[in-house]
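Visitor: Got a structure here, written out as structure tokens. Questions coming.
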Amino acid sequence: MRRKLRYLGGWWWMTPALVLVGVFVYYPVLQNFQLSLYSWNAFSRAPRYVGMDNYATMVADEVFWRALWNNVIYAVVSLIFQVFFALVLAAILEEFVHRRLAGFLRALYFIPTVISITVSGILFSFIYNPEFGLLNKLLQAIGLGGLTRAWLGEEGTAMGSIIAMSQWQSFGYTAVLFIVAIQRIPRDLYESARIDGAGRVRTFVSITLPLVREMTTLLVIITVSGAFLVFNEVMVMTAGGPARSTHVLGTWLYFNAFMADDMGYASAIASFIFVITLALAIGQLAYGNRKRVEW
Amino acid sequence: MVTASVQDQRRTVPSRLRRSSTTVVDVVAHLLVSVLLLALALAVLYPLAWMLISGFKTNFEIFSDPWGLPATWRVENFVAAANKGVTTYFVNSLLVTAGSIVSTTMISAWAAYGLARTKAPLVKYGGWFILGGLMVSPTVALVPLFGLLQQLRLFDSLVGLVVLYTAYRIPFTTFLIRAYMVDLPTTLDEAATIDGAGRFQIFWRVILPLSKPILVSAALLQALFSWNEFAFALVFLSRRELKTLPVGLMDMQSRLLTDWPVQFASLALAALPMILVFLIGQRAFLRGLTDGMGK
């Protein structure tokens, strides 16, 4: 009996976690796939089985493709700023700047990360405001008054303005993670490189870059899957407008589920998003199992 | 501490080498980098300062003099913001955050203990099951959860929100804590066993107190998540008096319309707590982030 209890020991401790994750995380995802085969809304008594109709709707839906495209742009811009730029920034902070100042700047750049997206989203919608916004006033002040516009109100600039806010909010987070990765590189490698006469750029390319590769890969995947899950930024700043031009997959899902009341179609979009993020997660696992860089 | 001493060495040794080879290019590069870092610091701080200062202005001042300071600092804007909803939202956010910190860290610590300290067969599969939950994002689960929460009578209640915030953060938190517990020497458990302690006592009296640093990190990251979470709060709360800050602020935006100073004041009030928590608990915060990323 005692042995049997011992046998179950680990499971007792994990039970609450397993139940919560099973019921509220796994079950909804599986149900998504099932729900996506039906046509139903919040009030319908009997959902009607429609097979792959919702997916056919998706393929034919222009807004869906627009949203997907917006997610892709989001991912590309985020890779540039939150991976490439953040890595360069981290290297500069670690190599160029005095340690005390570097610590101060690191904390400062991190601050936007701890603010809720609602706050930063509304704040930036004020910055973009055509009447009193800082951006237009700044452009006027430096003689570029011709460029002033309603940044979130025009199709040409709305998506870019949202993405810009997102970079402002997130670059500090990835920069801090890169700093930690750089600090784990043995210092004597840098010493030898300098004695060998390697310049700063050369050192960055030949030492820092290859030795933070693991963190880079991890952040590439996190950034890309984050870009496919964008939701709050768009909801807060434009709710998908103007003319549905700033919808991303997440908001288009929300709009169909809770505004247009087409739950089946929303489930199909959700399943699509899940498959994308699952593929990225599997890629991450596969890469993580490869041999680490030795030094 | 180790990194600090290593860095000190790095500062002293190569600076001698560096000085001998200082060129014009170096000076220009240094200048450019300094300008870049300063510009970035301004880009982060100025919008936040503008938000705070505009909260003290009159509507007229916001339009006529967006860069300047208010003629009189109108604290009453903040009082108005508090009375028009911020207080209610603040209390709701506080309740949800506190509740989910307790439930998430406790349940995750139990699971982490089970994973780190029992050798029962198949336990590792339980671990994979929990970890796999990381692949599911809240947006994807919105539609099925909508039905599930209504069936469980957790719709439109703060308890329901706490349950979701717990379930979706258990995977990350469990593995954060597990990584720490695995590194605690098992001799401690053995000594306690010899003293007649059961598994339960070992957990409460030995392992949990020793894990305090990582529990603090886990609690801070959970606070950041629940204080700022948006999608669940948007979909699963409908009564205005239950709204948390992120969704409440959006609600206020549509109610206040052109009362800009009060809107700015509300944003500042909502952002301040997490900024303060971060500045005070910075070390624990960053430890949680970086350990969570895997070493």
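Each value in this text was obtained by applying a stated rule to the coordinates, not by laboratory testing. A quick note: this is a predicted structure, and the numbers were derived from the prediction, not measured. Neighbour counts are summed over all protein chains in view; Cβ atoms, including those assigned to glycine, are modelled from backbone coordinates with ideal geometry.
Visitor: So is B:Val277 in contact with a helix residue (DSSP H, G or I) (Cβ under 6 Å, 6 or more places away or on another chain), touching a residue at least 24 places away in the same chain (Cβ under 8 Å), surrounded by fewer than 19 Cβ atoms within 10 Å (Cβ to Cβ) and assigned to a helix (DSSP H, G or I) or not? Give the derivation first.
Guide: On the way: in contact with a helix residue (DSSP H, G or I) (Cβ under 6 Å, 6 or more places away or on another chain): no; touching a residue at least 24 places away in the same chain (Cβ under 8 Å): yes; surrounded by fewer than 19 Cβ atoms within 10 Å (Cβ to Cβ): yes; assigned to a helix (DSSP H, G or I): yes.
Taking the combined requirement at face value, the residue does not satisfy it.
Visitor: Moving to a separate point now. Has the range B:117-125 got at least one residue that is within 26 Å of the chain's Cα centre (by Cα) and either more than 9 Å from chain A (Cβ to nearest Cβ) or surrounded by fewer than 22 Cβ atoms within 10 Å (Cβ to Cβ) (or both)?
Guide: No: the range B:117-125 contains no residue that is within 26 Å of the chain's Cα centre (by Cα) and either more than 9 Å from chain A (Cβ to nearest Cβ) or surrounded by fewer than 22 Cβ atoms within 10 Å (Cβ to Cβ) (or both).
Visitor: Check B:Ala233, B:Ala270 and return the single one that is part of a helix (DSSP H, G or I), at the interface with chain A (Cβ under 7 Å from one of its Cβ atoms), small (Gly, Ala, Ser) and under 24 Å from B:Val159 (Cβ atoms).
Guide: Result: B:Ala270 is the single residue among B:Ala233, B:Ala270 that is part of a helix (DSSP H, G or I), at the interface with chain A (Cβ under 7 Å from one of its Cβ atoms), small (Gly, Ala, Ser) and under 24 Å from B:Val159 (Cβ atoms).
Visitor: Restricting to the range A:117-127, and then to whatever is facing chain B (nearest Cβ under 7 Å) and in contact (Cβ under 8 Å) with a residue 40 or more places away in the chain, can you tell me which residue is nearest to the chain's Cα centre (by Cα)?
Guide: A:Ile117
Visitor: Has the range A:282-295 got at least one residue that is in contact with a helix residue (DSSP H, G or I) (Cβ under 7 Å, 6 or more places away or on another chain), surrounded by fewer than 18 Cβ atoms within 10 Å (Cβ to Cβ), among the aromatic types (Phe, Trp, Tyr) and more than 8 Å from chain B (Cβ to nearest Cβ)?
Guide: Yes: one or more hits.
Visitor: Kindly establish whether B:Met250 is over 24 Å from A:Val176 (Cβ atoms) and facing another protein chain (nearest Cβ under 9 Å).
Guide: yes
Visitor: Among the residues of the range B:233-245, write down those that are in contact (Cβ under 8 Å) with a residue 40 or more places away in the chain and either buried (at least 24 other Cβ atoms within 10 Å of the Cβ) or within 16 Å of A:Ala239 (Cα to Cα) (or both).
Guide: The answer is B:Ala233, B:Val235, B:Thr244, B:Leu245.
Visitor: Let me ask something else. Of everything in the range A:24-78, what is closer than 15 Å to A:Ile273 by Cα, assigned to a helix (DSSP H, G or I) and of a type in the set (Gly, Ala, Ser)? Give them in sequence order.
Guide: A:Ala67, A:Ala75
Visitor: Sticking with this structure for a sec: Only one of (1) on the phi > 0 side of the Ramachandran plot; (2) in contact with a Phe, Trp or Tyr (Cβ under 7 Å, 6 or more places away or on another chain) fails for A:Met58. Which number is that?
Guide: Here A:Met58 meets the rest and fails (1).
Visitor: Ok, one more. Can you work out which of the residues in the range A:80-102 that are farther than 22 Å from A:Gly199 by Cβ and over 25 Å from the mean Cα position of the chain (by Cα) is surrounded by the fewest Cβ atoms within 10 Å (Cβ to Cβ)?
Guide: Filtering first and then ranking leaves A:Arg100.
Visitor: Same structure, new question: Looking only at the range B:137-157, decide whether some residue is in a helix (DSSP H, G or I) and away from chain A (no Cβ under 14 Å). Step through it out loud before you land on a result.
Guide: Residues of the range B:137-157 in a helix (DSSP H, G or I): B:138-151.
Pick out the ones that are also away from chain A (no Cβ under 14 Å) and you get none.
Within the range B:137-157 (the criterion being in a helix (DSSP H, G or I) and away from chain A (no Cβ under 14 Å)), the answer is no, since none of the residues qualifies.
Yes/no matrix, rows are residues, columns are (1) touching a residue at least 40 places away in the same chain (Cβ under 8 Å); (2) of a type in the set (A, V, I, L, M, F, W, C); (3) under 19 Å from A:Gln169 (Cα atoms):
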{"residue": "A:Gly51", "(1), (2), (3)": "no, no, no"}
{"residue": "A:Leu79", "(1), (2), (3)": "yes, yes, yes"}
{"residue": "A:Leu93", "(1), (2), (3)": "yes, yes, yes"}
{"residue": "A:Phe132", "(1), (2), (3)": "no, yes, no"}
{"residue": "A:Arg149", "(1), (2), (3)": "no, no, no"}
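Visitor: State whether the residues of the range B:202-210 include one that is over 22 Å from B:Tyr113 (Cβ atoms), of a type in the set (A, V, I, L, M) and in a helix (DSSP H, G or I).
Guide: no
Visitor: Here is a further query. Could you check, for the range A:110-124, whether at least one of its residues is part of a helix (DSSP H, G or I) and surrounded by fewer than 19 Cβ atoms within 10 Å (Cβ to Cβ)?
Guide: yes
Visitor: Moving to a separate point now. Out of the residues in the range A:151-193 meeting the condition of being acidic (Asp, Glu) and either without any contact (Cβ under 8 Å) to a residue 24 or more places away in the chain or not in a helix (DSSP H, G or I) (or both), tell me which one is surrounded by the fewest Cβ atoms within 10 Å (Cβ to Cβ).
Guide: Among them, the one singled out is A:Asp188.
Visitor: Another question, then. Would it be correct to say that A:Arg106 is assigned to a helix (DSSP H, G or I), under 26 Å from B:Leu221 (Cα atoms) and over 30 Å from the mean Cα position of the chain (by Cα)?
Guide: no
Visitor: Of the numbered conditions (1) in contact with a Leu (Cβ under 7 Å, 6 or more places away or on another chain); (2) within 11 Å of chain A (Cβ to nearest Cβ); (3) crowded, with 24+ Cβ neighbours inside 10 Å, B:Ile214 satisfies every one except a single condition; which is it?
Guide: Result: B:Ile214 passes all but (2).
Visitor: Then there is this: Any idea which residue in the range A:215-270 is nearest to A:Glu62 (Cα to Cα), counting only those that are within 11 Å of chain B (Cβ to nearest Cβ), among the polar types (S, T, N, Q) and in contact (Cβ under 8 Å) with a residue 24 or more places away in the chain?
Guide: Taking the candidates together, the pick is A:Thr251.
Visitor: List pairs: first residue in the range B:122-137 and within 30 Å of A:Tyr254 (Cα to Cα), second residue in a loop (DSSP other than H, G, I, E, B) anywhere in the structure, Cβ distance under 8 angstrom, at least six positions apart or on different chains.
Guide: B:Ser137/A:Leu229
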